[in-house]
Amino acid sequence: IETGKASTSDQMFLGKVYYKAKQFGKADTAFTAVTQKEPNNLQAYVWIANTYASMDPDSKEGLAEPKYRKVIDMARMDSVANIKELFDAYCYMGSYYFLSKYDPNKAESYFWAIIKLDPKNKKWQAKGYKSLAMLESIKRQNYPQAIEYYRKAQAVDPSDTDIEKAIHDLQ
């Protein structure tokens, strides 16, 4: 890299090494260098978002929010090929607005996006419904609606044994 002969793959590898070493500033620099050479490199933006989420693990400063918004904008250009990136970004954004920003309506929109993302992926759908259930029970105190969402989660993923306990606790 110092000789100027590094490829973007080398920069990505270096960024991941820095990321795993928790040297997030250096990781960001490496991933940003990739985006400067390859502005459409979605994976570099994903790693930047992950880096900022790690720098702000409680999302109190909201550092990763604009980074994940960029990932969503880019990933939507080919939502089939980038479905995993969209799922991860929607999960972050839903959690951010649910736990940190306290905007239940925005959180709800991201949880619905998770549910609608892949009708064949029952685990993702269950996660979306359980997230909606928590939103209804914790933020809105709408316990009947929360139970309904937990039942929908249970219908798509009957193997999740925690759902019945959550329903019982709400009743």
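The values are calculated or read from the model by the stated rules, or taken from the named source; none is laboratory data. In this text, all values refer to a predicted model and were calculated from it rather than measured experimentally. For neighbour counting, all protein chains shown are included, and Cβ atoms are generated from backbone atoms with ideal geometry for every residue, glycine included. Accessible surface is based on the protein model in full, side chains and every heavy atom, while ligands, DNA and RNA are left aside. Shrake-Rupley method; radii C 1.70, N 1.55, O 1.52, S 1.80 Å.
A few remarks follow.
- Answer residue from segment 105-132, given it is part of a helix (DSSP H, G or I), open to solvent by 40 Å² or more (accessible area, probe 1.4 Å) and not basic (Lys, Arg) and is farthest from residue 157 (Cα to Cα) among those: 105
- Residues satisfying the stated conditions in segment 41-71, i.e. buried (at least 23 other Cβ atoms within 10 Å of the Cβ) and assigned to a loop (DSSP other than H, G, I, E, B): 64
- Within segment 29-40, being surrounded by fewer than 20 Cβ atoms within 10 Å (Cβ to Cβ) and either part of a helix (DSSP H, G or I) or at pLDDT below 95 (or both) holds for 29, 32, 33, 35, 36, 37.
- On the stretch given as segment 133-171, residues that are within 19 Å of residue 121 (Cβ to Cβ) and either β-branched (Val, Ile, Thr) or open to solvent by less than 40 Å² (accessible area, probe 1.4 Å) (or both) total 8.
- Of all residues in segment 72-96 being assigned to a loop (DSSP other than H, G, I, E, B) and open to solvent by 40 Å² or more (accessible area, probe 1.4 Å), the one that is farthest from residue 116 (Cα to Cα): 81
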